[in-house]
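Visitor: Dropping the structure in here first, questions after.
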Amino acid sequence: QVQVVESGGGSVQAGVSLRLSCKISGMQFDIYAMGWFRQAPGKEREGVACISWTEKTTIYSPSVEGRFTISRDNAQNMLYLDMNSLKPEDTAMYYCVRDRVRHRGAAFERIKEGYWGQGTHVTVSS
């Protein structure tokens, strides 16, 4: 089975930390760029963070720069998003996406055309 499964979402208070996880199964992981996207009701989809297949390059949305960290564990086929100092405006459905073309760098516009998970919801209350 080909699966992209996010987990770790929930309801938290502003200022706390949360880790989102994404497990890839049924398809190769280590040679593909990966990304996290999010969408809040009534708002456009936004690229949050992405990472190249080599881990050499990471890109962050200005809204999360300095607060969120994207990382990957190729041995476990896992992608992570560590979120610190959460704000109410971080409330959204968060999606994990695997690039559809191997050996590419971090780029939201390319990764968004790849394989998407079902998402995990994060709610941040003030």
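The values are calculated or read from the model by the stated rules, or taken from the named source; none is laboratory data. Bear in mind that the values here come from a model prediction, so they are computed numbers and not experimental data. Because the Cβ atoms are built from the backbone with ideal geometry, glycine has one as well, and the counts that use them run over all protein chains shown. The protein model used for the area step is the full one, side chains on, heavy atoms only, and it has no ligands, DNA or RNA in it. Shrake-Rupley method; radii C 1.70, N 1.55, O 1.52, S 1.80 Å.
Visitor: With all protein chains present, how much of the accessible area of the chain (probe radius 1.4 Å) comes from carbon and sulfur, to the nearest whole percent? Mind dumping the intermediate values first?
Guide: Details: 2860 of 6390 Å².
On the chain, the fraction of accessible area on carbon and sulfur atoms equals 45 percent.
Visitor: Take each of the peptides 75-81, 55-61, average the number of other beta-carbon atoms within 10 Å over its residues, and list them starting from the highest. Don't skip to the end; give the middle numbers.
Guide: Details: 75-81: 17.7, 55-61: 14.9.
So the peptides 75-81, 55-61, ranked by packing, come out 75-81, 55-61.
Visitor: Moving on to the next point. Find the eigenvalues of the gyration tensor of the Cα atoms of the chain, then list the square roots of 5 times those eigenvalues as equivalent ellipsoid semi-axes, largest first, in whole angstrom. Don't jump to the answer; show the numbers that get you there.
Guide: Values: eigenvalues 105, 41, 35 Å².
Semi-axes, largest first: 23, 14, 13 Å.
Visitor: So for the pair Thr54, Arg19, with labels modelled 7 Å out along Cα→Cβ, what separation do we get in nm?
Guide: That separation, rounded to one decimal, is 2.8 nm.
Visitor: Across the range 70-87, in residue order, what do the Karplus-derived ³J(HN,Hα) couplings come to in whole Hz, using 6.51 cos²θ - 1.76 cosθ + 1.60 with θ = phi - 60° and x for Gly and Pro?
Guide: 9, 8, 9, 10, 5, 5, 10, 6, 10, 10, 10, 9, 8, 10, 10, 6, 4, 10
Visitor: Using a probe radius of 1.4 Å on heavy atoms only, what accessible surface per residue do you get for the chain? Whole Å² is fine. If you can, show how the numbers build up before the last one.
Guide: Values: 6390 Å² over 126 residues.
Normalised by residue count, the accessible surface of the chain is 51 Å².
Visitor: Here's something else I'd like to know. 7 Å from Cα along Cα→Cβ at both Gln28 and Arg100: what's the point-to-point distance in nm?
Guide: The answer from the label model is 1.7 nm.
Visitor: Determine, from the Cβ-Cβ distance of Ser126 and Arg45 and an R0 of 35 Å, the FRET efficiency 1/(1 + (r/R0)^6), rounded to the nearest 0.05.
Guide: Values: r = 24 Å, r/R0 = 0.68.
With a Förster radius of 35 Å, E is 0.90.
Visitor: Calculate one ³J(HN,Hα) per residue across the range 9-15 by plugging θ = phi - 60° into the Karplus curve 6.51 cos²θ - 1.76 cosθ + 1.60, and present them in order as whole Hz with x for glycine and proline.
Guide: x, x, 9, 9, 8, 4, x
Visitor: Can I ask one more? Once the mean 1/r over all distinct Cα pairs of the range 56-111 is inverted, what Kirkwood radius in angstroms do you read off? Kindly include the intermediate steps, with their values, before the conclusion.
Guide: On the way: mean 1/r = 0.0771 Å⁻¹.
Final number for the Kirkwood radius of the range 56-111 is 13.0 Å.
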